[in-house]
Amino acid sequence: MLLHQQFIRIAKQYEKKTAIIDKTLNRVVSYKNALIGSLILLKKFDKYEPGFLGIMLPNTAGTVLSVLATLLSGRIPVMINYSTGAAANCEYAQKKCAFKTIITSKALLEKINCPKLDGMVFLEDIMKSVTLFEKLRAALKASLRVESLIKKVHAGDEDDTLLILFTSGSEKNPKGVQLTHKNITSNYNSLIKAFTFSSDDIFLANLPYFHVFGQTANLWVPMAVGMTVVTYANPLDFKTICDIVREEKVTLMAGTPTFFWGYLRNSKRGDFESVRILLSGADKCPDALRQGFLEKHGKVLLEAYGATETSPAITVNTLEFNRPGSVGRPIEGVRVRIENYETSEECAVGEIGKVLVKGDNVMKGYFDDFEQTSLSIRHGWYDTGDMGYMDQDGYLWHVGRLKRFLKIGGEMVSLIRVEDVLEKLLPAEVECCVVEVPDPVKGAKIVAAVTQQIDDKLILKKMSEQLPSIAVPSKFVVLSEMPKMGSGKIDFRTITDRVRDIVQGR
């Protein structure tokens, strides 16, 4: 199924229903007007070069319509991260995918202090140029019967690339992930069944659309079944988000632990009364966060697991099948294999190994990078680069990135395990991250970064009671804040660089 065609079917079915409540720009858009708006933009986008079209926009109704219009016009959206280094990200994407035009916004560039670059076109200017004739033509086209309208927009195949998303770059340079119509469709179909999503749901769409979590959860799942999406551009505006959830009676929310911590601390009892599903992903969900939502709001925070390359969902916990601490069971149509990282043999139940994934959700490949694609996908199995184990009931337990394991004295040490122990010993407001620092004697040593001064000796003493001596940090360093990616994930690359500079006196 082609997703832009599915949008047309849904828009025709739910014409009078509210499709988008835009809390960024205070607009309400019906499905009928969303269809008309996307058809207007389709004609505007037709004058740009075929192939790829860059999109760098915050979460608004205009962004949703721009993505839809790009697909309807036969182009492929390249979603660009504006949260950090926007100008560099634009130039990187243009060079990597060999395209020129980027649809963006004057208001966004001003807010993030990004200069206008060659190829940038402002959505505000495009909308101002729309004539009455263009509006009438689009409205007339939108009034056609479903199948007649579908014949007048781009066709294609379900294995065609739907969009390009870039990996976070938290560990190395971003890679361009090619996700197909089939990838996203298979993923949201499985999620719809797992959580019994319906057109009656109201989904908060505050996860950035340049991130796969935002694309699937906040755009394609709602558009596939006729939900109302409530868009808001800043997931870090915690108090406002809580107000929006209460006022708009949101029923579905997805986010990262960083975002959910902010919502928990800035919310009042009753703010989440309407919410039936709270889904946390992208990073490990702390026990204290789960407990906090249960105690303050009586809501179960469910943890899921995925990757950009898997569209993203791999495993989920649901209200019916929930094992706190695990990342859930594989969704329908997805197979998970735990493989010994040295022998490549399948691991036994409870044995830690590499997490491999197979299914229609696995990406087509990395754009213009056959070598990295062939290293990551073998015989249809995608190597996530993560470590974990399956329990006897089929729940996956994620124990960290393989790159976040290190060998000290011949033994493998999980930095995630060290963080889990440390996290429970720190005050709730103190964030931590454990990194590897080169050591001339041992080869490597563990250093813990924290966001406040702590009693080092007491914490280390307590850690040594729970961890082997080689896993206890050699020292603590204080960072004023814990660097994060635009998605809310910890930026390990930046943290590691900062900690190494401090330790090595640079």
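We did not get these values from a lab; they are worked out from the coordinates using the rules stated. Fair warning: this is a prediction, and the values are worked out from it, not measured in the lab. Glycine gets a Cβ as well: all are built from the backbone with ideal geometry, and neighbour counts include every protein chain shown.
Here are the numbers for the structure shown:
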quantity	calculated
Selection from VAL225, ILE184, ALA448 lying farthest towards where the dipole of the chain points positive, charges on Cβ	VAL225
Crossing angle, helix 132-142 versus the chain [Cα axis fit, 0-90 degrees, rounded to tens]	80
Amide H partners (placed H, <5 Å) of LYS445, local residues excluded	VAL437, ASP439
Beta bridges by DSSP in the chain, antiparallel share as percent, to the nearest 5	60
Over the chain: helical MRE at 222 nm, DSSP H runs n ≥ 4 each giving -39500 (n - 2.57), nearest 500	-10000 deg cm²/dmol
Ascending count of other beta-carbon atoms within 10 Å, so fewest first, for TYR188, TYR232	TYR232, TYR188
For segment 178-207 and segment 327-383, distance of Cα centres in Å	22
Amide H partners (placed H, <5 Å) of GLY400, local residues excluded	MET387
Modelled FRET efficiency - R0 25 Å, ASP455 with GLU481, Cβ distances, 0.05 increments	0.75
DSSP beta bridges in segment 92-225 [antiparallel fraction, %, rounded to 5]	60
Ranking of PHE99, PHE7 by count of other Cβ atoms within 10 Å, fewest first	PHE99, PHE7
Crossing angle, helix 415-425 versus the chain [Cα axis fit, 0-90 degrees, rounded to tens]	80
Trypsin sites (Lys or Arg not before Pro) restricted to segment 392-459 and DSSP loop, no more than 15 other C-beta within 10 Å	LYS442
Karplus-derived 3J(HN,Hα), 6.51/-1.76/1.60, for each residue of segment 215-227, Hz, glycine and proline x	4, 6, 6, 9, 10, 7, 4, x, 5, 6, 10, x, 6
Net lengthening on full extension, SER143/SER464 (0.36 nm per residue, minus Cα-Cα)	108.6 nm
Derived scalar couplings ³J(HN,Hα) [segment 346-353; Karplus, 6.51 cos²θ - 1.76 cosθ + 1.60; whole Hz; x for Gly, Pro]	5, 7, 6, 4, x, 8, 6, x
Per-residue HN-Hα couplings for segment 274-287 [Karplus 6.51, -1.76, 1.60; θ = phi - 60°; Hz; x = Gly/Pro]	7, 6, 9, 10, 10, 10, 9, x, 6, 8, 4, 8, x, 4
Length gained when the stretch LYS151-ARG500 is fully extended (0.36 nm per residue, less Cα-Cα span)	119.8 nm
Estimated FRET transfer efficiency (ASN340, ARG276; beta-carbon r; R0 30 Å; 0.05)	0.15
Principal axes of segment 409-503: Cα extent on each, largest first, Å	36, 27, 22
Among beta bridges that DSSP assigns inside segment 409-503, antiparallel share in %, nearest 5	70
Virtual spin-label span in nm between ARG27 and GLU351, 7 Å along Cα→Cβ	5.7
Nitroxide proxy distance, nm - points 7 Å out along Cα→Cβ at ASP159 and ASP237	4.4
Gain upon complete extension [ASP391, ALA288; 0.36 nm per residue less C-alpha separation]	34.8 nm
R0 of 45 Å, Cβ-Cβ distance LYS403-ARG265: FRET efficiency to nearest 0.05	0.90
Total charge dipole magnitude, segment 409-503, about the Cα centre, Cβ charges on Lys, Arg, Asp, Glu only, Debye to nearest 20	160
Nearest-ten-degree value, helix 181-195 long axis tilted from longest Cα axis of the chain	70
